[in-house]
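To start, the structure under review is shown below, and the notes come after it.
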């Protein structure tokens, strides 16, 4: 499939997160502190809750349901630390956020 346009980079603000759908994948874009953008699975690996409904401070992403926390720079679980978010490859071209969905699938953790 290759990289496909998801949105304009101007739509992803530092310290904010947005949810998108592409090729049947629910994708969460996060605007990291410092201006970088990352793309992760849009649902918490715990109980499939939409992460966009949680909290994000530019560094940590917290699910609203059970307060699972993730490092927004790496997708690594912080609390608990034995889980992670699937990360989508991303690149910025001509002011557009481009995402690759091939071979990326949501990860799910313990309950």
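Among 98, 1, 17, which comes first, then next, by fewest other beta-carbon atoms within 10 Å? Can you show the working numbers first?
Values: 98 18, 1 9, 17 22.
The order, fewest Cβ neighbours first, is 1, 98, 17.
The slack between residue 60 and residue 91, meaning 0.36 nm per residue of separation minus the straight C-alpha distance, is 9.0 nm.
Springs join every pair of Cα atoms under 10 Å in this Gaussian network model of the chain, and among 92, 27, 62 the largest mean-square fluctuation is at 92. Multiplying the residue separation of residue 1 and residue 13 by 0.36 nm and subtracting their alpha-carbon distance yields 1.6 nm. For the Cα trace of the chain, dividing Rg by the Kirkwood Rh returns an Rg/Rh value of 0.94. Please give the residues of the range 75-96, grouped as numeric ranges, whose backbone N is less than 11 Å from a label point set 7 Å along the Cα-to-Cβ vector of residue 36. Answer for the range 75-96: 75.
Read-outs: derived from the displayed coordinates by stated rules, not from any lab. Quantities reported herein were computed from a predicted structural model and do not represent experimental measurements. Note that each Cβ is placed from the backbone with ideal geometry, even for glycine, and that neighbours are counted across all protein chains shown.
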